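The values are calculated or read from the model by the stated rules, or taken from the named source; none is laboratory data. Everything quoted here is computed from the prediction, not taken from an experiment. All Cβ positions, glycine included, derive from the backbone under ideal geometry; neighbour counts span all protein chains shown.
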Amino acid sequence: MRRITALLLTGVLVTACTDEVDQAPVESDPVPLEETVVDRMVIDLGLDGDDSWYAVNDTVMGGVSEGFVDYTDDTLVFSGTVSTDSNGGFTSVRSVSDDWDLSEYTNLVVRLKSEGQPFTLIFADSPNWWEGQFRYDIEDIEEGWNEVVIPLVDFEFYDMNTGYPESTGEKMRRGTRKNIVHMEFMSKLFEDGSFRLEVDHLTFE
């Protein structure tokens, strides 16, 4: 007999399967339900998954870059133009605020494809940008779909007190990734140009 157990983790439905051997029921000693261990968390993006991410452009600081969010059934699509005019130069797509505890996970697997601009993946443990954030530059992206495996300890903390990100060298160890409030893909280069980023899922293992 195969039992299907579904758990809801941060808005994402995770389903686990366990195999059991059929046994005759014993009235005096009922068989207890087994606990199902879920060893990963999947954030599926798209209309059939999470379609709540939104654009944050440099217009918040007077810039004129433009980034637009769209969704297919299975993916998030972020596209637009980065402009360095008017002291601008960045655009990003961000998750809604939540409270993720990533301390039980070791790696992040991201399936994506990117054209025109490289991107940095950001994990913030404070809603206030000036209090800093953890960053990882996604590099060496080939044409078409890529599956990028990122050790979570490779995220570095960046100080934002000057208004520009400056690495402190601090790694995102287990104790510092217990309360992540949002995730974000931000254009890495402060350079003019168009871009298109498509993301399928983020899987924490």
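Some values worked out for this structure:
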quantity	calculated
Of residues in region 27-50 being in a loop (DSSP other than H, G, I, E, B), modelled with pLDDT of 50 or more and among the aliphatic types (A, V, I, L, M), the one farthest from Asp74 (Cα to Cα)	Val38
Residues within region 93-113 that are surrounded by 21 or more Cβ atoms within 10 Å (Cβ to Cβ) and part of a strand (DSSP E or B), tallied	4
Considering residues of region 54-74 that are of a type in the set (S, T, N, Q) and outside any helix (DSSP H, G or I) only, the residue surrounded by the most Cβ atoms within 10 Å (Cβ to Cβ)	Ser65
Single condition Val77 does not satisfy, out of (1) of a type in the set (A, V, I, L, M); (2) outside any loop (DSSP other than H, G, I, E, B); (3) closer than 17 Å to Glu198 by Cα; (4) without any contact (Cβ under 8 Å) to a residue 60 or more places away in the chain	(4)
Test set (1) surrounded by 13 or more Cβ atoms within 10 Å (Cβ to Cβ); (2) closer than 12 Å to Glu184 by Cα; (3) out of contact with any helix residue (DSSP H, G or I) (no Cβ under 9 Å at 6 or more places or on another chain) - Asp44 fails condition number	(2)
Unmet criterion (only one of (1) within 21 Å of the chain's Cα centre (by Cα); (2) without any contact (Cβ under 8 Å) to a residue 40 or more places away in the chain) for Thr59	(1)
Hits in region 159-188 - residues which are crowded, with 18+ Cβ neighbours inside 10 Å and assigned to a strand (DSSP E or B)	Ile180, His182, Met183, Glu184, Phe185, Met186, Ser187
Total residues in region 79-135, condition touching a Ser or Thr at 6+ places or on another chain (Cβ under 7 Å) and among the aromatic types (Phe, Trp, Tyr)	3
Selected residue (criterion: farthest from Gly163 (Cα to Cα)) from residues of region 114-135 that are of a type in the set (Gly, Ala, Ser) and not in a loop (DSSP other than H, G, I, E, B)	Ser114
